[in-house]
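These notes concern the structure reproduced below.
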Amino acid sequence: MRYALQLSFNGTNYHGWQKQLNAHTVQAELEKALSTLLRVPVETTGCGRTDTGVHAADFYVHFDADTELTPELVYRLNKILPPDIAIHQLIRVSPFFHARFDACYREYFYHLHQQKNAFVFPASWYRPGTLNFDLMNEAATALLDYTDFKCFSKVNTQVHTFLCTIHYARWEQLQPGQWVFKIRANRFLRNMVRAIVGTLIEVGKGEMTIAQFRQVIENGNRSEAGLSVPAHALFLQLVHYPPETFDLNRSSFKPVPEDE
């Protein structure tokens, strides 16, 4: 039987979601807890990856079990997992459900504050100085005119394609001096959001024009884009699945063989 777990995690103490040799990861912690409770080795498949220090407010995994599980598993997992990983629900799904391939879009938030704040800094980037957010939003809107985002991808990453469909991208003011960048797409490349934010900052400082921003995307050269901003302010905010995805009677799915 296949199950999905919805969870969230604070990524501060982890080298990202995905298991790695000699690295502390969220996936390793979750699989250790599941294997302990179910008394058999359990392997999970996540809806994507997160880099070191990146957080997830919404994250899904799937795994298979030989026995029927109950919602009590959520309570038991939360008791033994570290306080920075929270399980929200257990869902019985079709044997064909895939946490990664069935997601139709993801949404990321990047938080920025311009006045020093002792309470928001752990999950927001302190970036003092003047920024033109109107220009930054004009540049963010230009992202929707493109699908190839090689210029914002981590160099030497092994992916089959750099194509992504961005649904929206914009800066919103939360309160004076505090902003959040919201971006939604069907998929994201490694380091993509942090590189986009860093390049938008160049526009906001007046060091890059909108025309130059477009040229960076069209040239596809990572060295022409801005620096990657710090990871601690980035959140995977939402992973969306079509309603029919969780139908137990679903007979098949069509995977998309692309890395995220």
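The values are calculated or read from the model by the stated rules, or taken from the named source; none is laboratory data. Just so we're clear, the structure is a prediction, and the values are computed from it rather than from any experiment. Here the Cβ positions follow ideal geometry from the backbone for every residue, glycine too, while neighbour counts run over all protein chains shown.
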Kindly establish whether S153 is at pLDDT below 95, in the same structural domain as E224 (by TED's automatic domain parsing) and among the small types (G, A, S). yes
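Test A195 against the stated conditions and say whether it is crowded, with 18+ Cβ neighbours inside 10 Å, over 19 Å from the mean Cα position of the chain (by Cα), in contact (Cβ under 8 Å) with a residue 12 or more places away in the chain and closer than 24 Å to A211 by Cβ. Spell out the reasoning first.
Working: crowded, with 18+ Cβ neighbours inside 10 Å: yes; over 19 Å from the mean Cα position of the chain (by Cα): no; in contact (Cβ under 8 Å) with a residue 12 or more places away in the chain: yes; closer than 24 Å to A211 by Cβ: yes.
No.
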Residues of segment 198-247 being assigned by TED's automatic domain parsing to the domain that holds T141, touching a strand residue (DSSP E or B) at 6+ places or on another chain (Cβ under 6 Å) and assigned to a helix (DSSP H, G or I), in sequence order, are A233
Go through (1) buried (at least 21 other Cβ atoms within 10 Å of the Cβ); (2) modelled with pLDDT under 95 one by one and return the number of the condition N249 breaks. (1)
Of the residues that make up segment 97-112, is at least one over 21 Å from the mean Cα position of the chain (by Cα) and either part of a loop (DSSP other than H, G, I, E, B) or at pLDDT 95 or above (or both)? no
Are any of the residues in segment 55-75 touching a residue at least 40 places away in the same chain (Cβ under 8 Å), surrounded by 12 or more Cβ atoms within 10 Å (Cβ to Cβ), touching a helix residue (DSSP H, G or I) at 6+ places or on another chain (Cβ under 6 Å) and among the β-branched types (V, I, T)? no
Is it the case that some residue within segment 53-68 is closer than 18 Å to R100 by Cβ, at pLDDT 95 or above and part of a loop (DSSP other than H, G, I, E, B)? yes
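Can you tell me which residue among A169, A139, A118 is surrounded by 20 or more Cβ atoms within 10 Å (Cβ to Cβ), outside the structural domain of G11 (by TED's automatic domain parsing) and closer than 20 Å to V54 by Cα?
On the way: A139 fails: closer than 20 Å to V54 by Cα; A118 fails: surrounded by 20 or more Cβ atoms within 10 Å (Cβ to Cβ).
Of the residues listed, the single one that is surrounded by 20 or more Cβ atoms within 10 Å (Cβ to Cβ), outside the structural domain of G11 (by TED's automatic domain parsing) and closer than 20 Å to V54 by Cα is A169.
On the basis of being outside the structural domain of F9 (by TED's automatic domain parsing) and surrounded by 14 or more Cβ atoms within 10 Å (Cβ to Cβ), does F97 make the cut?
No: the conditions fail for F97.
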